[in-house]
Amino acid sequence: MPASATNYCPRENQNSIASPAPSATQGEESAPTAESTELEDVNQQTSCCNSIKLTTIGGSEDDEFELEGRRNVDARDGRIDDSSNEAREEETLEGRIERLGRERPKQFKSLWAEVAFVFSVAMSQVLSEYFVSGFTVVLPIVIIDLGMPVASSIWPASAFSLVVAAFLLMFGRLGDMYGGYPLYVGGMAWLALWSLICGFSQNELMLDFSRALQGLGPAAFLPSSVMLIGSIYRPGPRKNLVFSIYGAAAPVGFYVGIFFAGVTGQYTTWGWYFWIGMFLSLVTAITSYLYIPSDIKERRALGIKMDWLGAILIIVGLILFTFAIIDSAHAPQGWKTPYIYVLFIVGSLFLLAAVYVETYVADEPLLPASLFKVRCMTPLVCALFLTYGSLGIFLLYATFYMENVMSASPLLVVAWYTPMALGGIFISTFGGFILHLLSSTMLIYIAGLSWIVAPLLFAIAPSGANYWAYMFPSMIFATIGIDVTFTVANIFITTSLPKKEQGLAGALIMLLLHLGIAVCLGFADIVNSKTLSNLGQRKSYQAVFWFEVACATTALVILVLFVRVQKATSALTVDEMAEMKEVARREAEHSAGHVLVKSSSLDPTATGHAGSSLPYLPPNR
């Protein structure tokens, strides 16, 4: 199990609040979690704000907290005895926490340096979506050019997402061990290299192999991007805005992907789709190298280790399990095909073995038990898996429906997706400014309802349906669903975990996204293949949309019944709250010891005397 966050020693370059005494013994293993209700969270913040005055802070802004602590010591000694002054001081302290949540982190020397950082990490979303969404548009041309059989056309599209999902947890741990900076820059450079090679693919095997290796790049930089944002920014409006911009980059990447896929497929060769992606990856690698703050030294000092046995079991299990689901719709006999159910069973056994290793064997598991002790984390994970799976179904089958049923050209499909891209930019960016004022719980309910309406409009659309009556509102509801869900979930998960587990937070978020898409798309393909001969193409697609409605409805029920998320306001970090609790505990023990010693000096029967079994402890001990 990983060491407790109370065991984490803040450095001068961090916005954490260090106690004058060691925060915890080195043997503790449970990370701090938020297990209280929303009202208890407020009380917990208030309690920590009161405790913070007993501590000292290193740094210019922290000198104010140190002065505050001295004033309270004076008040305790009787030099200041005014309850109204104490109330004003507490209000001032809360105001300072609010200010820290709005200020530019000191890792950035200027606003332009911060802008370059936000651009660099947001490009991780753009590029990962670019190589998923655009490839579905260019795939029909690739199939013809390379002479690929239709039955195996799923693998160039699936290999990328399958590798990304399988390796996310391992790269998330490597980020916690060695820093998000080297993994982010290295992942971008790796993606650029294999994008170049993909564009020169001469046959199906070369394309499948290149797409699989291409997926290792996003597997490295996606958890690192979330880790960097979660580590650098304190809880507050500024972090909300950055995560909102990060979320807005996903629909931008989707739109850019289908746009360049449509243009290159119609006017040039499909190789240019990959080479444009290579250029974007290379530019991002350069800006990331120059403007992302290095955290290598800081992360190495934490002494986190890799759980290699758990990593191998998870990677192999996820690949085999997901492979069986995806390929079952295209196998000769479906689930009756021997290699399908054999791989499914073997993959499931590997995953069960991984659960055992992570729970009982590993000293520092990739998925620590403390993660699921965070309030509402388990039901939220289940809901996000289904929600992100709904996203994958919608993006792929909405494209199929508009191209094959509505006979839209690739460029017309791009135009029809424009409201989704522009709406995503507007909702995410504007929401970042007001997110701290709104109830996060109500926001995820609204997002969950939007994910039901978006596929429902496709499912009930009549033959010859008008785009503006059905598809346009569906695009609007879809962008509300994904942008609100992604932003709120990212903020909640990164804020609920200590700084040393931000790589885990990023890996978990991206694992839910890509694994949810891969698994739910696999089942959607099964629905499509089983209904195509009986219902026809349009009705078969609509059956898939009804399956998506079922997934989204299940997710919403889970959210309503089990998930409550507090507002994304300025607050103490998990590490700071853990440290403050430790300081308060030590102060309470220290005070109790003084009271016991004082009473013993007044009454010899209280501690030790002739015939007593309790020894007398002098005050200097």
### Message
Checking MET148 against (1) assigned to a loop (DSSP other than H, G, I, E, B); (2) within 30 Å of SER407 (Cβ to Cβ); (3) free of Cβ contacts under 8 Å to residues at least 12 places away in the same chain, only one condition comes out false. Which one?
### Response
(3)
### Message
Just checking, does region 421-428 include any residue being within 23 Å of THR553 (Cα to Cα) and surrounded by fewer than 17 Cβ atoms within 10 Å (Cβ to Cβ)?
### Response
no
### Query
Residues of region 239-260 being within 30 Å of LEU169 (Cβ to Cβ) and over 17 Å from the mean Cα position of the chain (by Cα), which ones?
VAL252, GLY253, PHE254, TYR255, VAL256, GLY257, ILE258
## Note on the structure
Picking from SER450, SER407, the residue that is free of Cβ contacts under 8 Å to residues at least 24 places away in the same chain and in the same structural domain as ILE258 (by TED's automatic domain parsing) would be SER407
### Task
Answer yes or no as to whether ALA220 is of a type outside the set (Ser, Thr, Tyr), closer than 24 Å to ASN490 by Cβ and modelled with pLDDT under 95.
no
### Task
Tell me which residues, restricted to region 340-357, are in contact with a helix residue (DSSP H, G or I) (Cβ under 8 Å, 6 or more places away or on another chain), over 19 Å from CYS520 (Cβ atoms) and among the aromatic types (Phe, Trp, Tyr).
TYR341, PHE350
### Message
Here are the criteria: (1) touching a Pro at 6+ places or on another chain (Cβ under 6 Å); (2) surrounded by 22 or more Cβ atoms within 10 Å (Cβ to Cβ). Tell me which single one GLY262 does not satisfy.
### Response
(2)
### Task
Check VAL544, VAL557 and return the single one that is crowded, with 22+ Cβ neighbours inside 10 Å, of a type in the set (Val, Ile, Thr), at pLDDT 90 or above and assigned by TED's automatic domain parsing to the domain that holds MET402.
VAL544
### Task
Of the numbered conditions (1) of a type outside the set (Ser, Thr, Tyr); (2) crowded, with 20+ Cβ neighbours inside 10 Å; (3) more than 22 Å from MET177 (Cβ to Cβ), ALA362 fails exactly one; give the number of that condition.
(3)
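Is it the case, given these coordinates, that LEU384 is out of contact with any Asp or Glu (no Cβ under 9 Å at 6 or more places or on another chain), assigned by TED's automatic domain parsing to the domain that holds LEU174, at negative phi and surrounded by 20 or more Cβ atoms within 10 Å (Cβ to Cβ)?
Against the criterion (out of contact with any Asp or Glu (no Cβ under 9 Å at 6 or more places or on another chain), assigned by TED's automatic domain parsing to the domain that holds LEU174, at negative phi and surrounded by 20 or more Cβ atoms within 10 Å (Cβ to Cβ)), LEU384 qualifies.
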### Task
Filter region 153-209 down to residues that are at negative phi and outside any helix (DSSP H, G or I) and give me whichever is nearest to the chain's Cα centre (by Cα).
SER153
### Message
Can you find, within region 298-316, the residue that is surrounded by the fewest Cβ atoms within 10 Å (Cβ to Cβ) among those that are among the aliphatic types (A, V, I, L, M) and in a loop (DSSP other than H, G, I, E, B)?
### Response
ALA301
### Task
Would you check which residues across region 545-590 are of a type outside the set (Gly, Ala, Ser) and free of Cβ contacts under 8 Å to residues at least 12 places away in the same chain and list them?
VAL557, ARG585, GLU589, HIS590
### Query
For region 375-468, which helices (runs of 4 or more DSSP H) that fit wholly inside it have 2 or more residues that are under 19 Å from PHE260 (Cβ atoms) and either among the aliphatic types (A, V, I, L, M) or modelled with pLDDT under 95 (or both)?
377-400, 410-434
### Query
Across region 352-374, what is the number of residues that are closer than 22 Å to MET510 by Cβ, more than 17 Å from the chain's Cα centre (by Cα) and assigned to a loop (DSSP other than H, G, I, E, B)?
3
### Task
Tally the residues that are in contact (Cβ under 8 Å) with a residue 40 or more places away in the chain and in a helix (DSSP H, G or I), restricting the search to region 317-345.
9
## Note on the structure
Scanning region 144-165 for residues that are farther than 25 Å from ALA311 by Cα and crowded, with 17+ Cβ neighbours inside 10 Å gives LEU146, MET148, SER153, ILE154
## Note on the structure
Over region 275-293, the set of residues surrounded by fewer than 21 Cβ atoms within 10 Å (Cβ to Cβ) and either among the aromatic types (Phe, Trp, Tyr) or not in a helix (DSSP H, G or I) (or both) is TRP275, PHE279, TYR289, TYR291, PRO293
### Task
Among the numbered conditions (1) in contact with a His (Cβ under 7 Å, 6 or more places away or on another chain); (2) free of Cβ contacts under 8 Å to residues at least 60 places away in the same chain, tell me where SER210 comes up short.
(1)
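The values are calculated or read from the model by the stated rules, or taken from the named source; none is laboratory data. Keep in mind that what you see is a predicted model, and the values were worked out from it rather than measured. With ideal geometry, Cβ positions are generated from the backbone for all residues, glycine too; neighbour counts draw on all protein chains shown.
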